[in-house]
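Worksheet: the structure to be examined is printed underneath.
None of the figures in this text is laboratory data; all of them are computed from the coordinates on show. Everything numeric in this text was worked out from a predicted model, so none of it was measured. Virtual Cβ from ideal backbone geometry, glycine too; neighbours counted across all protein chains shown.
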């Protein structure tokens, strides 16, 4: 977390959390979801405005974390902005390293893969030391090389089972709304 963010948290510790305004799709793209977009429908059916500003994306990446309930957020100064997830907290980009295939997250963190999972839609998820992520669609050829080489042995799992098994929430906003009722 950036030092400026830590300082803002100390200075303003009681800023209310923000829900449903930021989302991460299955390709690692961030989306802003204002009131109009939220009223038009849930994420990912209605995505919002894709964040293209490189420095803003880098700031989000450096300040992206999860709370104890498995809700992922971006700490924006003193305000915690919870993230709606299309598939998983991370999106893996793959790279060949000699005979092996390595993974790094959409936030730029290297990851050590522990297990591989495939859902009913044929999407490949990797569980790693930093969390669960979905393999980017552009990297499926490298992923298939890793599977064929025996580096990863995917286990079938229903998509709806992944959040519980790997302790993350697709929609912190839905959790917050149900807690408020």
Among 170, 162, 56, whose mean-square fluctuation peaks in a Gaussian network model of the chain (Cα, cutoff 10 Å)?
56
Could the peptides 137-146, 72-81 be put in order, highest first, of the mean number of other beta-carbon atoms found within 10 Å of their residues?
72-81, 137-146
Bins of 5 Å, starting at 0 and running to the largest distance - Cα pair percent for the stretch 90-165
3, 17, 31, 28, 15, 4, 1
Cα-derived Rg over Rh, computed across the chain with Rh taken as Kirkwood radius
0.98
Put in order of increasing Cβ neighbours within 10 Å, starting from the fewest, 18, 71 give 18, 71
What is the chain's relative contact order, in percent, from Cα pairs under 8 angstrom and six or more apart in sequence?
22 percent
The simple spin-label model distance between residue 149 and residue 61, using points 7 Å out along Cα→Cβ, in nm, is 2.4 nm
Just rank 105, 115, 160, fewest to most, by other beta-carbon atoms within 10 angstrom.
160, 115, 105
Sequence-separation-based contact order of the stretch 90-165, relative, with Cα cut under 8 Å and 6+ spacing, percent:
30 percent
If each residue's Cβ is checked for other Cβ atoms within 10 Å, how do 6, 47, 55 rank with the fewest at the top?
55, 6, 47
Tell me what the chain gives for mean residue ellipticity at 222 nm when only DSSP H runs of n ≥ 4 count, each as -39,500 (n - 2.57), the sum divided by the residue total, rounded to 500 deg cm²/dmol.
-6500 deg cm²/dmol
Tell me, how many Å apart are the Cα centres for the stretch 122-181 and for the stretch 59-100?
13 Å
Report the Cα-based extents of the stretch 53-100 along its three principal axes, largest first, to the nearest Å.
44, 27, 17
Would you please calculate the Kirkwood hydrodynamic radius of the stretch 26-107 over all C-alpha pairs and express it in Å, rounded to one decimal?
14.2 Å
Based on DSSP, what percent of beta bridges with both residues in the chain are antiparallel, to the nearest 5?
75 percent
Considering only the stretch 90-165, percent of DSSP beta bridges that pair antiparallel, nearest 5:
75 percent
